[in-house]
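Every number here is computed from the coordinates shown, using simple stated rules; none is lab data. In this text the structure is predicted, and so the values were computed from the model without any measurement.
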Amino acid sequence: MNRRDLLRLVGATAAGAGLLALVPSFLRGKRGNGGDSQDKDGDTLQEEPEKVSQPERSSSSTGARIEARYYRKGKNDSVHCDLCFHRCHVSSGSAGFCRNRINVEGTLRNTVYNMPSAVAVEPTEKEPMHHFLPGTNMLCIGTASCNFRCRFCHNWHLSQRSIEQVRRRRTHTPGDLVRIAKSREVPAVSFTYNEPTVFYEYMYDVAVKAKKDGLRTIMHSNGGIESQPLQDLLAHIDAATIDLKAFSQEFYRNICEARLEPVLETLKAIKENGTWLEIVNLVLPGHNDEPAQIREMCEWIRTELGPDVPLHFSRFFPTYRMTSLSPTPVSTLERCRTIALEEGLHFVSIGNVPGHEANSSFCPGCKARIIHRVQYTVSEINLKDGACTSCGRQIPGIWK
Ligand code: SF4
């Protein structure tokens, strides 16, 4: 870890509570599943819970812990997982595509329950999440692995490894995490860093416990979850940041080993449910930045989700299996933003470009700056009871 990274870590900690025990980072995990969040600088902090619970080890050498939800038993001890779009058929002794769900003698088990690989207090803005308690911090939680294989993943140290390959330091029950969040006086917990679908049972139980204890809940997801588990989860989730990685089937197939259609269905379901929704599009030069595709995506968002869903265009930096690709030119991000505004979207930001004017949020009515933001730091909020102080227009979001 270089000095710059260390200073950022210390800053994030101080901003969070000033109480976290800072220990050397064992991961280079960044915020946002699949690395689509705005900033890619933050090593995660592993902090000390007030009371560490030691879950029982399974007799299985894999360390599998609890029985998974959303699966069906098949012939010869095989199972069918119904949690995400992959719909894996898993034979006995094997794991699903996400590496985290394994078939132990005909029972599908979740291998990462109570086993976070990253826990840290970080700014809500960093999710990115701009219309949700701006200027606050939240307790961010991630485990290992993913159900996508994005070649550009900024969080590949977490997302493209199994739990056995990630150096884990602690075990935290849902109760431990809620106690930590309360002791740090953050208003929310966030499921992020890696795809939360692949630690669904853990996320669900933490969310239920957090809501019961008066905390808000956020998830940052690639959107590849199936309908029923999503609906069940949304009852306990206040806000979601979803990566819309491209508006192209080919991109999803060739770059992510995934599919676009389930993501679009997830976006619509979240919106219909009334859960607060924001979207991130990580712009990769030459891969998903074609103006016609950006326009089509924005038109779809406006038509299917409405113009008030914030859209974040985020800058790519070379990493993982796309190290030969150049960082996204700022002019490309600005062009994307112009297209989105032309298509009628109301809240369009540019991320991963610290100090850019479009880090901030603007009123779609009078164009006044309603939240002054430099990267993740909020210096001014010009909202009163959720309305623009300049023109009185109501701004959608969760403000208190
Ligand atoms: S959650 Fe994992 S095991 Fe289940 S369908 Fe998705 S990739 Fe397969």
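Please report the spacing between the Cα centers of the range 183-228 and the range 318-393 in Å, no decimals.
Centre-to-centre (Cα) distance: 25 Å.
Could you tell me the largest-minus-smallest coordinate of the C-alpha atoms of the range 66-110 on each of the three principal axes, in descending order and whole angstroms?
23, 18, 16
Would you mind checking Lys75/Lys245; Lys209/Lys271; Lys209/Lys245 for any pair whose Cα atoms are more than 28 angstrom apart?
Lys75/Lys245; Lys209/Lys245
If you build the Cα gyration tensor of the range 281-340 and take the root of 5 times each eigenvalue, what three semi-axes come out, in whole angstrom, biggest first?
23, 11, 10
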